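First the structure, in the form of structure tokens, and then the observations on it.
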Amino acid sequence: MSHRAPVPITEITRTFAMLAEQISPDETEPALEPFDRQSLKRALEELRRYIPGLDPPPSPAAARALQRAAAIALDKGRGHEALARALRGLSFAPHDPGLCYLAASACFELGEAESALRLLHHTLWIHPGHPGARTDLEALSDFFEDAGGEDRAA
């Protein structure tokens, strides 16, 4: 069986930065194009090859500033901006559960459910006790169970 070498963490952080640049500020356009969704999926898969906390993040101060900016944008209903800032923050601190959770929240606001679920699961992989991610995932599970029951009743 052949094993491929892990993608360097610098390439993963560049992917997050590139994704942040791809997000249109126009709230009427889709937040993520299909290629961007695939790039995000791959970046998160590759990031799991690295142990959170083992290596210092490239710039924790920049990540904190972008996390605050993403949270403010999300509170103001600017989902595209929130997602772009959270992804940019992940380029500075790729294992930050707060940034990952904010990106998931922004994706939900923008109707990007698959990416949001992927980011929620990744948040819980980084920080299994993350209260927001756990609560959101449980609520979604309940919602889909209820929706499935309604389909069966019809």
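Would you confirm whether or not segment 36-45 contains a residue that is polar (S, T, N, Q) and surrounded by fewer than 16 Cβ atoms within 10 Å (Cβ to Cβ)? Before you say what the answer is, go through the steps one by one.
So the first thing to find is which residues in segment 36-45 are polar (S, T, N, Q), and the list is 38-39.
So of that shortlist, the ones also surrounded by fewer than 16 Cβ atoms within 10 Å (Cβ to Cβ) come out as 38.
The answer is yes; a qualifying residue exists.
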Every pair of residues 6+ apart whose Cβ atoms lie under 6 Å, when the first sits in segment 51-68 and is within 10 Å of Gly89 (Cα to Cα) while the second is among the small types (Gly, Ala, Ser) and not in a helix (DSSP H, G or I): Pro60/Ala93; Ala63/Ala93
Residue within segment 20-30 that is surrounded by 22 or more Cβ atoms within 10 Å (Cβ to Cβ), at pLDDT 95 or above, of a type in the set (A, V, I, L, M, F, W, C) and under 12 Å from the mean Cα position of the chain (by Cα) present: no
Near pairs, Cβ below 8 angstrom, 6+ apart or cross-chain, from segment 89-111 (touching a residue at least 12 places away in the same chain (Cβ under 8 Å) and within 21 Å of Asp55 (Cα to Cα)) to any residue that is part of a loop (DSSP other than H, G, I, E, B) and of a type in the set (Ser, Thr, Tyr): Phe92/Ser59; Ala93/Ser59; Pro94/Tyr50; His95/Tyr50
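Before we move on, is Leu74 under 17 Å from Thr13 (Cα atoms), surrounded by 19 or more Cβ atoms within 10 Å (Cβ to Cβ) and either at pLDDT below 95 or not charged (D, E, K, R) (or both)? Outline the logic, then answer.
On the way: under 17 Å from Thr13 (Cα atoms): no; surrounded by 19 or more Cβ atoms within 10 Å (Cβ to Cβ): yes; either at pLDDT below 95 or not charged (D, E, K, R) (or both): yes.
Spelling it out, it is not the case that Leu74 is under 17 Å from Thr13 (Cα atoms), surrounded by 19 or more Cβ atoms within 10 Å (Cβ to Cβ) and either at pLDDT below 95 or not charged (D, E, K, R) (or both).
The values are calculated or read from the model by the stated rules, or taken from the named source; none is laboratory data. Source: prediction; values computed, not measured. Heads up, the Cβs are rebuilt from the backbone with ideal geometry, glycines too, and the neighbour counts pull from every protein chain shown.
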